[in-house]
Each structure stands twice: as C-alpha cells, then as structure tokens.
C-alpha cells in the first residue's frame with residue numbers, strides 16, 4: 001500500500017463538513033468521517049482503479065454523502081487534494097495539484 005498524504009486545504013474541508021453535518025444531527029458528522037476514512041482506505045488499496053480524469057486526477061464518490069475525494073498519485077504517495085462537496089462548482093480545487101504542502105498523514 002502506498003503512503004497517503006492529505007493537503008491542508010482538504011483537511012480543512014473535511015473538518016468543516018464534519019462540523020456541518022454534526023450540527024444538523026448528532027452523530028451524522030461522525031458517519032461522514034467514517035465514510036471518508038473507508039473511502040481513503042479503499043483508495044490506498046486500489047489507487048489506480050478510478051479512471052484518470054481529463055485534468056489528470058482521480059476521484060472517488062462517497063456512497064451516502066454528496067462528497068467526493070479527489071487525489072493524485074506522485075511516485076509512491078497518494079495525495080488527497082480535496083474532500084469536495086459534489087454540489088459545488090466542479091474542479092474548484094484544481095490548482096491544488098501544484099501544492100505539496102502537507103497537513104497530516106492518514
């Protein structure tokens with residue numbers, strides 16, 4: 001399994017999404033967090049299975065929540081670029097592909 005890194009902006013999106021859903025209903029934010037964790041683990045095991053998008057990244061849609069995880073593979077590392085709300089403007093985060101600043105390791 002490759003190393004997985006999440007950039008700071010994606011970490012912030014995750015934190016905000018969890019807080020938003022937790023405010024709607026107690027426990028809902030934790031369900032989102034668990035779904036994202038499971039999706040990231042799946043990505044770690046199957047990084048090249050999702051198709052390469054025209055702009056050069058890969059994407060995994062969540063099943064329950066209207067979010068997706070956008071990522072790129074560089075060398076032996078999977079970089080999580082966005083935990084994006086699927087209802088937002090597509091590819092708003094695309095400039096992050098140029099970043100390699102880390103926030104945390106999953």
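The values are calculated or read from the model by the stated rules, or taken from the named source; none is laboratory data. All of these numbers come straight from a predicted model, not from anything done at the bench. When we count neighbours, we look across all protein chains shown, and the Cβ atoms used for this are built from the backbone with ideal geometry, even at glycine.
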Filter result for the condition that a residue is touching a helix residue (DSSP H, G or I) at 6+ places or on another chain (Cβ under 8 Å) and surrounded by 15 or more Cβ atoms within 10 Å (Cβ to Cβ), over 64, 60: 60
Hey, among 78, 69, 40, which residue is closer than 16 Å to residue 7 by Cα and out of contact with any strand residue (DSSP E or B) (no Cβ under 6 Å at 6 or more places or on another chain)? 40
Is at least one residue of the stretch 43-51 in a strand (DSSP E or B), buried (at least 18 other Cβ atoms within 10 Å of the Cβ), within 12 Å of the chain's Cα centre (by Cα) and in contact (Cβ under 8 Å) with a residue 24 or more places away in the chain? no
Within the stretch 56-106, considering only strands (runs of 3 or more DSSP E) that don't extend past its boundaries, which have at least 3 residues that are at pLDDT below 90 and farther than 17 Å from residue 20 by Cα? 102-105
Name every residue in the stretch 3-15 that is farther than 19 Å from residue 91 by Cβ and surrounded by fewer than 16 Cβ atoms within 10 Å (Cβ to Cβ), in order of residue number. 3, 15
Selection from the stretch 78-90 of residues buried (at least 16 other Cβ atoms within 10 Å of the Cβ) and out of contact with any helix residue (DSSP H, G or I) (no Cβ under 8 Å at 6 or more places or on another chain) yields 79
